[in-house]
Structure formats: structure tokens, C-alpha cells
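Down below is the structure, laid out as C-alpha cells.
The values are calculated or read from the model by the stated rules, or taken from the named source; none is laboratory data. Everything numeric here is computed off the predicted structure, so don't read it as measured data. Virtual Cβ from ideal backbone geometry, glycine too; neighbours counted across all protein chains shown.
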Amino acid sequence: MKAIGVLTSGGDAPGMNAAIRAVVRAGLARKVKIFGIMRGFSGLLNDEVREMSHRSVSNILGQGGTVLKTSRCSDFMTEDGQRRGAEILKRHGIEGLVLIGGDGTYRGAAALSRTWGIACIGVPGTIDNDLNGTDRTIGSDTAIETALDAIDKIKDTVNSMERVFVVEVMGRNCGYIALKAALAGGAEQVLIPEVTFDMSCLCGEITEGYIRGKASWIIIVAEGAIPAHELASRITGDTDLETRVVVLGHVQRGGRPTAEDRILGGRLGAAAVDLLIKGYSGQAVGMKCDRVHVVDLEEAVKPYRLDTEEDLALIKILT
């Protein structure tokens, strides 16, 4: 293999730059040309392809976001878009492609590999940690740390003003960030998309706690479970206690990646290049028990099941 491309697609995640850096430098060390594709699949369709050198990725290891930029591209989900993308890659002599992103990115990679003859390896870059075949995804550790830092600050106000606070974190379909941040932050309750909750039971617990003298309460809610403002309104209506809302939003995507995400990005980016050079395609790299693990792209994007039972039980015990 003489030329490999690399792109980032979908939502950005801290640590993507570490993966890009690893792809570039691991490829160059193996005497392979590396091409960066700007703005994900949209940039590919617009032929935003540039050759990268060792210096192209200098001083990006600790930066958040992605130096290659990213986007979401509905055109690439069509057969015509995929054909155009494959033609552009072949025009540049790119035989293999490393795609850093989440499930949408992986589906695009699977189509390129399966139908259009481009060797593709996926690298898990998403704060939601919702892909199969890996214990963790690039960006998830930083997102939890960002949420936890905010929760620690909010807790000072909660204790001072004796109120109920609802803190909304990202997680449309997966409650991983909410679950881990609640456990680490000492929250009294967590609501996630995977588990149905009883509003009357929740409000009853808050009321009983208030009667016992517990005047402050933090509830972490994943955005996909219930809108935070709706939850706060119902709590106030049922308990007559003042409830405040904090929506962390996209702040969780930004910031300097943790050491964990930098190391993960580096290991998986280099592993992806190694797989392409060895002739692999249609697969994704991940980390299992701190060792690089390889899984088919189709397997990686199957519905993800978050293991919640143990953490939810522990949160209840420690409240």
C-alpha cells in the first residue's frame, strides 16, 4: 500500500487529533504517503484532499476538536455519493482509508469497503462510548471529566442554596456519560434512555429526603431520557421545591483531551495503519482489556447495550 487517507466525520471528540497524528506518523514511518481529507465525507466529495507531512501534525496532541475539521454529510449516504467519493480517492492514488468517528462514519466506511473496493479501517471517535468492539471510545473519558468538573462546581451552589438541580449531559441514545458522571460526582439520581423511570417515585424520593432534612438534590439526566426543563417543571409541580436546570451541551465536546484519550487515540490510529498495510479492510479497531481489538464494521454498529445494573445500584447505595 503506497497511500492512505485519513478523515474525521460526525461529531468531534477530544483525542481525535491524537489519532490523526498517529495515522500520519505511523504511515510515514512505514514509507506510506498520507493524505488528510478535510471536513469528513463532505470534504471528500468536494475533493478537499491534501498530502500531509510529519510537520503537518506537530503540536496537535493536546488540542481538542480535529485539525481536519468534521461534518455530517447526507449526500454520502447515497450510492451516487459513495461512488463519487471512491472515484476521488482513486484519483489521488489512495488505496486505504482511516475513518475516525462514530456509527454514521462506520456505516460510510462499510459501504466504501464493501461496494467500492476501498480498504477501510474505522477508529472509534465519539464521546458517547456507544460502539461495539471496544471498551471505550476516543473522547468519552474527556467528556466525563468535563461533566464532572461542572457537577463539582454546581454542587457547591446546591449545598449553599439548598435546591434541586437538574444537570443535563449529552447522550441522545446512550446514557454512558450521565451514568459515569453521576457515579463519580455523587449525584442522588441519574436518568438515562436505557432505563424507564417513574416520575411519581422520583418525586416521592425527593419529598421523603426533604422531610428527613435533605435540602439539596442533584439529578443527572441524559438528553435522550427526558428534556431537562420538562423534568424540572414536573419536579417543582409535584414537590413544590425550587428546581434549577443546567444544560452542559457542547462544552462536553471541547477542551484538552485527557491523558487517557491521547494515549487511546495514538494506539488506535497507529493500529489502523498497521491493519491497512497488512491488507485488512471493512473492520474497526478498538480496545479490550487494554489490548488492541479488531471487529467487523457491521458488528461495531449493531445496537449497543450499555451495562447499567451495577452502576445504578451503586448510585442508590451511595446516595
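Would region 264-272 turn up any residue that is in contact with a Gly (Cβ under 9 Å, 6 or more places away or on another chain) and outside the structural domain of residue 94 (by TED's automatic domain parsing)?
For region 264-272, residues in contact with a Gly (Cβ under 9 Å, 6 or more places away or on another chain) and outside the structural domain of residue 94 (by TED's automatic domain parsing): absent.
Applying the selection to region 13-39, what residues are farther than 18 Å from residue 3 by Cα and in contact with a strand residue (DSSP E or B) (Cβ under 6 Å, 6 or more places away or on another chain)?
Listed by number, the residues that qualify are 13, 15, 16.
Just one of 81, 27 is in the same structural domain as residue 261 (by TED's automatic domain parsing) and either out of contact with any Lys or Arg (no Cβ under 9 Å at 6 or more places or on another chain) or of a type in the set (Phe, Trp, Tyr) (or both); which is it?
81
Restricting to region 241-295, what's the tally of residues that are under 25 Å from residue 220 (Cα atoms) and in a loop (DSSP other than H, G, I, E, B)?
8
Would you pick out the residues in region 110-119 that are more than 27 Å from residue 15 (Cβ to Cβ) and assigned to a helix (DSSP H, G or I)?
114, 115, 116
Give me the strands (runs of 3 or more DSSP E) completely within region 1-109, filtered to those with at least 2 residues that are farther than 23 Å from residue 295 by Cβ and among the β-branched types (Val, Ile, Thr), ordered by residue number.
33-37
Check whether at least one residue in region 302-317 is crowded, with 18+ Cβ neighbours inside 10 Å, touching a residue at least 24 places away in the same chain (Cβ under 8 Å), of a type in the set (A, V, I, L, M) and closer than 24 Å to residue 19 by Cβ, and report yes or no.
Yes; the residues of region 302-317 include at least one that is crowded, with 18+ Cβ neighbours inside 10 Å, touching a residue at least 24 places away in the same chain (Cβ under 8 Å), of a type in the set (A, V, I, L, M) and closer than 24 Å to residue 19 by Cβ.
Specify the residue that is farthest from residue 289 (Cα to Cα); the eligible residues are those in region 122-140 that are surrounded by fewer than 24 Cβ atoms within 10 Å (Cβ to Cβ) and within 10 Å of the chain's Cα centre (by Cα).
130
Report those helices (runs of 4 or more DSSP H) wholly inside region 129-211 carrying at least 2 residues which are in contact with a Gly (Cβ under 8 Å, 6 or more places away or on another chain) and modelled with pLDDT of 95 or more.
140-161, 176-185
Filter region 95-111 down to the residues that are aliphatic (A, V, I, L, M) and surrounded by fewer than 24 Cβ atoms within 10 Å (Cβ to Cβ), then identify the one that is farthest from residue 263 (Cα to Cα).
This residue is 111.
Would you check which residues across region 208-226 are surrounded by 17 or more Cβ atoms within 10 Å (Cβ to Cβ) and either among the basic types (Lys, Arg) or over 19 Å from residue 161 (Cα atoms) (or both) and list them?
Once the filter is applied, which keeps residues that are surrounded by 17 or more Cβ atoms within 10 Å (Cβ to Cβ) and either among the basic types (Lys, Arg) or over 19 Å from residue 161 (Cα atoms) (or both), region 208-226 yields 221, 222, 223, 224, 225, 226.
Filter region 217-240 for residues that are in contact with a helix residue (DSSP H, G or I) (Cβ under 8 Å, 6 or more places away or on another chain), without any contact (Cβ under 8 Å) to a residue 60 or more places away in the chain and not in a helix (DSSP H, G or I) and give the result.
Within region 217-240, 217, 219, 221, 222, 225 qualify.
If only one of 29, 19, 86, 13 is without any contact (Cβ under 8 Å) to a residue 60 or more places away in the chain and touching a Ser or Thr at 6+ places or on another chain (Cβ under 9 Å), which one is it?
Among 29, 19, 86, 13, only 86 is without any contact (Cβ under 8 Å) to a residue 60 or more places away in the chain and touching a Ser or Thr at 6+ places or on another chain (Cβ under 9 Å).
If we keep just the residues of region 249-263 that are of a type in the set (Lys, Arg) and closer than 14 Å to residue 125 by Cα, which is surrounded by the fewest Cβ atoms within 10 Å (Cβ to Cβ)?
253
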